[in-house]
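For reference, the structure is listed below as structure tokens.
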């Protein structure tokens, strides 16, 4: 016979279940817990300074700096310390185009050549069909980071006009609109579309049409445009095994792809307008962009291959317009990361629970911002028992171990060759070589050593060490770049070098060192 329960018992039981369910779903970290998390992250990943903000339900839960701006000055990071947000700039560029769509000055599927007639890609059909939407979605057919050596490392002399012209020389590696390969150069083209349509530079448009309305008054579209540089981080990276301050990377040409400098105070305004679907102001009575534009920005455009995630029960990852989109525990996540030399950042939104997380760092360990973001996110999603700092550190160490095994074998062979009595004949390799988009390089003998130097990108200079056959390793003078590369010569029928191909030697080399896209021939 079924047991009967009183109404009071049933109600109390129901309330208890709701209480337990709520406690499992959301137990956000306290300020003290976030403090502990970030301090541990600073130490674990050897990051000098980090800034973290959390926005929930329209309120700023925390906005705080940790560590130091620079190992040189030792000055503290605070909520107003400025960082380069790198590729988190791409969402600003996409939003700027969305504002112009709202104003009916352009449409997402307008052809790029209608605004920039000189725009030309390797394939004539792709050139004619390329749309504004295609500029933002990493599906051009170009390879990962194709042509980035025109913007990275900095201090080269390529202009935006040069970059747009040189796109025609970059050979595709996949079919048009068939495959995701992250790119930067086409966002630079997108910035030029904004300039052509609006009549003002990309920099002016970002600052006057986005930053000023949102009261992001300490931010700027580039480092050089900052009004006050008294509270800016230095970039840091491991150099010969020790983290130290390195030169600031602030190529003006790369602005629409990654040029913005901002801080937590201002970025909270940016994240808030995103979570409020384009509305801002004290009474949310002003509109930066329409909900229809946000729907477009946050709609999947390009599939990103990934391995399924059991932690977050993720089923898909895709790229929208300036944002990465995926599902976490049944919610849509909208996010992006950014990386410059010695600076990496992350912005993460879960709009359905009105959550935003911002992590800015002054060292190039992506594992650090991931550990912080995921730990904070886990608390709101009810995920317990996972040590994200340890998880990311273990993954980082494994990647470094695998890369070191590869590079150690290469340098071991180089050391053997250096001790050889018989040296290669350098004279067959010396000369001036040219690539259609990077321009001239010189291979020359200096003090009985072979040297590589680039005319247009002067930081690409280093000694060339013999490896095997007709292959050398170029060891860059600037050791912060961590991008040593194979230089493989092709000989003609007279035994003299006629062409060069290059590849990075380490799998951890940043993809923007796209040596593989170079095709040098003797000039």
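The values are calculated or read from the model by the stated rules, or taken from the named source; none is laboratory data. Because the structure is a prediction, the values reported are computed rather than measured. In this analysis, Cβ positions are derived from the backbone assuming ideal geometry, glycine residues included, and neighbour counts consider all displayed protein chains.
Yes or no: region 122-130 includes at least one residue that is part of a loop (DSSP other than H, G, I, E, B) and buried (at least 22 other Cβ atoms within 10 Å of the Cβ). Show your work before the answer.
Our first condition is that a residue be part of a loop (DSSP other than H, G, I, E, B); within region 122-130, this holds for 122-123, 130.
Add one more test, that the residue is buried (at least 22 other Cβ atoms within 10 Å of the Cβ), and what stays is 130.
Yes, region 122-130 has at least one match.
Is it the case that some residue within region 384-392 is within 23 Å of residue 249 (Cβ to Cβ) and touching a helix residue (DSSP H, G or I) at 6+ places or on another chain (Cβ under 6 Å)?
Taking region 384-392 and keeping what is within 23 Å of residue 249 (Cβ to Cβ), we get none.
Scanning region 384-392, I find no residue that is within 23 Å of residue 249 (Cβ to Cβ) and touching a helix residue (DSSP H, G or I) at 6+ places or on another chain (Cβ under 6 Å), so the answer is no.
When you check residue 337 against the structure, is it outside any loop (DSSP other than H, G, I, E, B), under 13 Å from the mean Cα position of the chain (by Cα), touching a residue at least 12 places away in the same chain (Cβ under 8 Å) and under 18 Å from residue 274 (Cα atoms), yes or no? Don't jump to the end; show me each part of the working.
On the way: outside any loop (DSSP other than H, G, I, E, B): yes; under 13 Å from the mean Cα position of the chain (by Cα): yes; touching a residue at least 12 places away in the same chain (Cβ under 8 Å): yes; under 18 Å from residue 274 (Cα atoms): yes.
Against the criterion (outside any loop (DSSP other than H, G, I, E, B), under 13 Å from the mean Cα position of the chain (by Cα), touching a residue at least 12 places away in the same chain (Cβ under 8 Å) and under 18 Å from residue 274 (Cα atoms)), residue 337 qualifies.
Which ranges mark the strands (runs of 3 or more DSSP E) fully within region 352-447 that have 1 or more residues being assigned by TED's automatic domain parsing to the domain that holds residue 47? It would help to see each step written out before you state the result.
Working: elements: 355-361, 431-435, 439-446.
Correct list: 355-361.
Which one of 64, 90, 74, 111 is exposed (fewer than 15 other Cβ atoms within 10 Å of the Cβ) and either touching a strand residue (DSSP E or B) at 6+ places or on another chain (Cβ under 7 Å) or in contact (Cβ under 8 Å) with a residue 12 or more places away in the chain (or both)?
Values: 64 fails: exposed (fewer than 15 other Cβ atoms within 10 Å of the Cβ); 90 fails: exposed (fewer than 15 other Cβ atoms within 10 Å of the Cβ); 111 fails: exposed (fewer than 15 other Cβ atoms within 10 Å of the Cβ).
Sole residue among the options that is exposed (fewer than 15 other Cβ atoms within 10 Å of the Cβ) and either touching a strand residue (DSSP E or B) at 6+ places or on another chain (Cβ under 7 Å) or in contact (Cβ under 8 Å) with a residue 12 or more places away in the chain (or both): 74.
Scan region 194-204 for residues that are over 13 Å from residue 95 (Cα atoms) and buried (at least 24 other Cβ atoms within 10 Å of the Cβ) and report the count.
Of the residues in region 194-204, the ones over 13 Å from residue 95 (Cα atoms) are 195-201, 203-204.
From what is left, the residues that are buried (at least 24 other Cβ atoms within 10 Å of the Cβ) are none.
Here the count works out to 0.
Condition first: part of a loop (DSSP other than H, G, I, E, B) and in contact (Cβ under 8 Å) with a residue 24 or more places away in the chain. Now tell me which residues in region 300-312 satisfy that.
Initially, region 300-312 is screened for residues part of a loop (DSSP other than H, G, I, E, B), giving 300-301, 304-308, 310-312.
The answer is 300, 301, 304, 305, 311, 312.
Looking only at region 215-249, how many residues end up being in a loop (DSSP other than H, G, I, E, B) and surrounded by fewer than 19 Cβ atoms within 10 Å (Cβ to Cβ)? Can you show your working first?
The first filter runs over region 215-249 and keeps only residues in a loop (DSSP other than H, G, I, E, B), leaving 215-219, 221-222, 226-231, 233-234, 240-241, 247-249.
Subset that is surrounded by fewer than 19 Cβ atoms within 10 Å (Cβ to Cβ): 215, 217-218, 226-231, 240-241, 247-248.
Matching residues across region 215-249 total 13.
If I ask for residues that are out of contact with any strand residue (DSSP E or B) (no Cβ under 7 Å at 6 or more places or on another chain) and in contact (Cβ under 8 Å) with a residue 60 or more places away in the chain, which ones from region 278-291 would you list? Let's see the steps before the verdict.
Taking region 278-291 first, the residues out of contact with any strand residue (DSSP E or B) (no Cβ under 7 Å at 6 or more places or on another chain) are 281-285, 289-291.
289, 290, listed by residue number.
Quick grid of which residues meet (1) outside the structural domain of residue 133 (by TED's automatic domain parsing); (2) under 27 Å from residue 379 (Cα atoms); (3) over 18 Å from the mean Cα position of the chain (by Cα); (4) modelled with pLDDT under 95:
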residue: 258; (1), (2), (3), (4): no, no, no, no
residue: 276; (1), (2), (3), (4): no, yes, yes, no
residue: 302; (1), (2), (3), (4): no, no, no, no
residue: 307; (1), (2), (3), (4): no, yes, yes, yes
residue: 324; (1), (2), (3), (4): no, yes, no, no
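Spot the failing condition for residue 282; the list is (1) closer than 24 Å to residue 87 by Cα; (2) out of contact with any helix residue (DSSP H, G or I) (no Cβ under 9 Å at 6 or more places or on another chain), and only one is missed.
Status for residue 282: all satisfied but (1).
Restricting to region 35-50, name every residue that is touching a residue at least 24 places away in the same chain (Cβ under 8 Å) and part of a helix (DSSP H, G or I). Give the steps one after another, and end with the answer.
Step one: of region 35-50, the residues touching a residue at least 24 places away in the same chain (Cβ under 8 Å) are 35, 37-42, 44-50.
Correct list: 35, 37, 38, 39, 40, 41, 42, 44.
Filter region 144-170 for residues that are farther than 20 Å from residue 454 by Cβ and either under 19 Å from the mean Cα position of the chain (by Cα) or assigned to a loop (DSSP other than H, G, I, E, B) (or both) and give the result. Give the steps one after another, and end with the answer.
The initial filter retains those residues of region 144-170 that are farther than 20 Å from residue 454 by Cβ, namely 144, 164, 168.
Matches in region 144-170: 144 only.
In region 292-323, what residues are under 20 Å from residue 272 (Cα atoms), surrounded by fewer than 21 Cβ atoms within 10 Å (Cβ to Cβ) and in contact with a strand residue (DSSP E or B) (Cβ under 7 Å, 6 or more places away or on another chain)?
Answer for region 292-323, where residues must be under 20 Å from residue 272 (Cα atoms), surrounded by fewer than 21 Cβ atoms within 10 Å (Cβ to Cβ) and in contact with a strand residue (DSSP E or B) (Cβ under 7 Å, 6 or more places away or on another chain): just 298.
Residues 478, 519: which one is closer than 25 Å to residue 399 by Cβ and touching a residue at least 24 places away in the same chain (Cβ under 8 Å)? Reasoning before the result, please.
Values: 519 fails: closer than 25 Å to residue 399 by Cβ.
Only one candidate passes the filter, namely 478.
Please enumerate the residues belonging to region 187-210 that are without any contact (Cβ under 8 Å) to a residue 60 or more places away in the chain and either under 18 Å from residue 322 (Cα atoms) or part of a helix (DSSP H, G or I) (or both).
Within region 187-210, the first condition is being without any contact (Cβ under 8 Å) to a residue 60 or more places away in the chain, and the residues that meet it are 195, 199-201, 203-204, 207-208.
Hits for region 187-210 are 195, 203, 204, 207, 208.
Condition test on residue 255, is it in contact (Cβ under 8 Å) with a residue 12 or more places away in the chain and not in a loop (DSSP other than H, G, I, E, B)? Even if it seems obvious, please write down each step before you answer.
Numbers: in contact (Cβ under 8 Å) with a residue 12 or more places away in the chain: yes; not in a loop (DSSP other than H, G, I, E, B): yes.
For residue 255, the condition - in contact (Cβ under 8 Å) with a residue 12 or more places away in the chain and not in a loop (DSSP other than H, G, I, E, B) - is met.
Considering only residues that are assigned to a loop (DSSP other than H, G, I, E, B) and touching a helix residue (DSSP H, G or I) at 6+ places or on another chain (Cβ under 6 Å), which ones fall in region 92-108? It would help to see each step written out before you state the result.
Narrowing region 92-108 to residues assigned to a loop (DSSP other than H, G, I, E, B): 103-108.
Once the filter is applied, which keeps residues that are assigned to a loop (DSSP other than H, G, I, E, B) and touching a helix residue (DSSP H, G or I) at 6+ places or on another chain (Cβ under 6 Å), region 92-108 yields 105, 106, 108.
Counting only residues that are farther than 23 Å from residue 83 by Cα and touching a strand residue (DSSP E or B) at 6+ places or on another chain (Cβ under 6 Å), which one in region 329-344 is surrounded by the fewest Cβ atoms within 10 Å (Cβ to Cβ)?
331
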